[in-house]
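The values are calculated or read from the model by the stated rules, or taken from the named source; none is laboratory data. Predicted model, so just to flag it, every value in this text is computed and none were measured. Methodologically, a virtual Cβ is constructed for each residue, glycine included, from the backbone with ideal geometry; neighbour enumeration extends over all protein chains shown. Ligands, DNA and RNA are excluded from the accessible area calculation, which covers all protein heavy atoms including side chains. Shrake-Rupley method; radii C 1.70, N 1.55, O 1.52, S 1.80 Å.
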Amino acid sequence: CTYKYAINNDINIIKGKCDNIGAVDMTITKAEKIVSQIIMSTKNYVEKFKLQNDGEFPKIDVIFNCDGSSCNLFTYLDEYNIENLEELTFKGTIPTNGKITISNGGNNIFITNLEINNFVCNLVNDIVGCSIAEDIKYFQTPEIVYFNPEKGEKCADYHEEINSLTNNKSGCMKWYVYSENEKLGTVDMILDHNTTALVTINSINSNLRMKDVIEQLASDTETWVNNLNARLITADEIAKITKYEKFNSKNGILFFFHDLSSNPETGQGNVCKDLPGGCKYAWLYDRAGRDCQIYGCLNASDVTTWGYWTSTPTSNPSHNRYWGLNRSGYLSVGDIDSPCGGLRPVITISKSLIKS
């Protein structure tokens with residue numbers, strides 16, 4: 001399969017596998033126009049929401065997840081009038097993955113990893129950028145960065161015995177850079193510990209909308225610079241880091257990191273710390289539980305935790321489950337009303353902030 005894409009009116013030829021015919025004539029310019037329509041629709045959504053709710057808009061993040069058929073509201077807002085507000089509508093192709101976040105009381109919009117045919121689009125610091133999916137790099141061995149999210153800058157006063165404790169939310173903390181968007185000049189970084197040890201997804205309702213976890217994330221990051229787009233990692237991002245191409249967040253099949261070369265769907269198999277070369281993905285579940293070092297994590301947590309939540313639900317609403325990263329080194333699912341997962345924020349920042 002061969003298709004063309006355009007950057008600044010220069011035509012580039014790409015050869016490779018096309019998953020669908022739409023990729024053949026989809027250009028980056030068209031993808032960016034769809035994102036612009038989504039932004040306009042999101043702004044209109046905020047105004048409509050305020051009209052229906054006496055001028056109020058939630059202070060917590062309002063999140064829409066896209067799945068190829070619609071972009072549905074995934075934040076629990078039943079205390080508001082959300083009639084005709086449960087879906088974000090716009091013209092053009094509906095992204096097959098990714099999310100749209102409205103934060104800061106409706107004043108900020110973030111678009112994260114929207115997949116539009118063969119392109120991945122983001123809105124970071126009011127800059128729209130779409131890249132060919134293959135051009136976004138995911139790192140199996142991450143770069144370690146010490147960064148203070150309250151100041152929005154690199155730092156040098158990190159102390160492991162203080163800054164990496166579970167429930168710590170401030171100061172100079174340790175982060176792992178796990179992906180890079182070269183076109184936007186941004187990187188995604190995940191913290192090395194949980195800012196909250198345990199939290200439920202939604203403790204009062206059986207639907208899949210996130211409530212407790214979003215409220216807790218807002219609380220944990222309230223003193224952080226608000227353009228960091230603090231969020232939870234997705235299950236699909238973890239699959240891309242570990243290069244497990246079979247993974248589909250909708251199929252509900254867990255996989256163990258240390259079994260990827262043999263039998264990923266069944267059994268715990270070998271503990272990767274005993275394998276040649278050790279645990280390739282130990283950093284992903286660092287400080288995820290008191291006993292995680294048994295399974296090869298880099299450091300044990302100072303409190304008992306199960307691991308941490310992703311922002312990805314399973315496909316069947318009746319299952320009432322979300323994906324999480326387990327302390328023993330695998331991606332599994334947990335019930336939304338069970339406080340079995342913690343919060344581990346991800347932030348998206350300009351690469352210049354960590355390269356200066």
Query raised in the report: Being modelled with pLDDT under 95 and touching an Asp or Glu at 6+ places or on another chain (Cβ under 9 Å), is that true of even one residue in segment 154-177?
Result: no
Query raised in the report: Right, residue 128: farther than 17 Å from residue 227 by Cα, assigned to a strand (DSSP E or B) and not hydroxyl-bearing (Ser, Thr, Tyr) or not?
Result: no
Requested in this report: Report, ordered by the first and then the second residue, all pairs with beta carbons closer than 9 Å, sequence separation of six or more or different chains, a first member in segment 209-226 that is of a type in the set (Phe, Trp, Tyr), and a second member that is open to solvent by 30 Å² or more (accessible area, probe 1.4 Å) and at pLDDT 95 or above.
Outcome: 224/150; 224/169; 224/170
Query raised in the report: Which residue pairs have Cβ atoms closer than 9 Å, lie 6 or more positions apart in sequence or on different chains, and pair a first residue in segment 111-125 that is on the phi > 0 side of the Ramachandran plot with a second residue that is part of a strand (DSSP E or B) and among the hydrophobic types (A, V, I, L, M, F, W, C)?
Result: 113/120; 113/121; 113/136
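Can you spot a residue in segment 72-81 that is more than 21 Å from residue 217 (Cβ to Cβ) and in a loop (DSSP other than H, G, I, E, B)? Don't jump to the end; show me each part of the working.
Going through segment 72-81, the residues more than 21 Å from residue 217 (Cβ to Cβ) turn out to be 81.
Narrowing further to those that are in a loop (DSSP other than H, G, I, E, B): 81.
Within segment 72-81 (the criterion being more than 21 Å from residue 217 (Cβ to Cβ) and in a loop (DSSP other than H, G, I, E, B)), the answer is yes, since at least one residue qualifies.
Okay, residues lined up against (1) among the aliphatic types (A, V, I, L, M); (2) surrounded by fewer than 23 Cβ atoms within 10 Å (Cβ to Cβ); (3) over 21 Å from residue 139 (Cβ atoms); (4) modelled with pLDDT under 95:
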position: 275; (1), (2), (3), (4): yes, yes, no, yes
position: 279; (1), (2), (3), (4): no, yes, no, yes
position: 308; (1), (2), (3), (4): no, no, no, no
position: 321; (1), (2), (3), (4): no, yes, yes, yes
**Report entry** Residue under evaluation residue 202, criteria (1) more than 18 Å from residue 349 (Cβ to Cβ); (2) open to solvent by less than 10 Å² (accessible area, probe 1.4 Å); (3) not in a loop (DSSP other than H, G, I, E, B); (4) not β-branched (Val, Ile, Thr), criterion not met
**Finding:** (3)
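Based on this model, can you work out whether residue 127 counts as open to solvent by 50 Å² or more (accessible area, probe 1.4 Å), under 30 Å from residue 302 (Cβ atoms) and β-branched (Val, Ile, Thr)? Can you show your working first?
Values: open to solvent by 50 Å² or more (accessible area, probe 1.4 Å): yes; under 30 Å from residue 302 (Cβ atoms): no; β-branched (Val, Ile, Thr): yes.
It is false that residue 127 is open to solvent by 50 Å² or more (accessible area, probe 1.4 Å), under 30 Å from residue 302 (Cβ atoms) and β-branched (Val, Ile, Thr).
How about segment 323-354: which of its residues are part of a helix (DSSP H, G or I) and of a type in the set (Val, Ile, Thr)?
Applying the first criterion (part of a helix (DSSP H, G or I)) to segment 323-354 yields 351-354.
Within segment 323-354, just 354 meets the criteria.
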Query raised in the report: When only residues in segment 134-171 that are free of Cβ contacts under 8 Å to residues at least 40 places away in the same chain and surrounded by 15 or more Cβ atoms within 10 Å (Cβ to Cβ) count, which is nearest to residue 92 (Cα to Cα)?
Result: 148
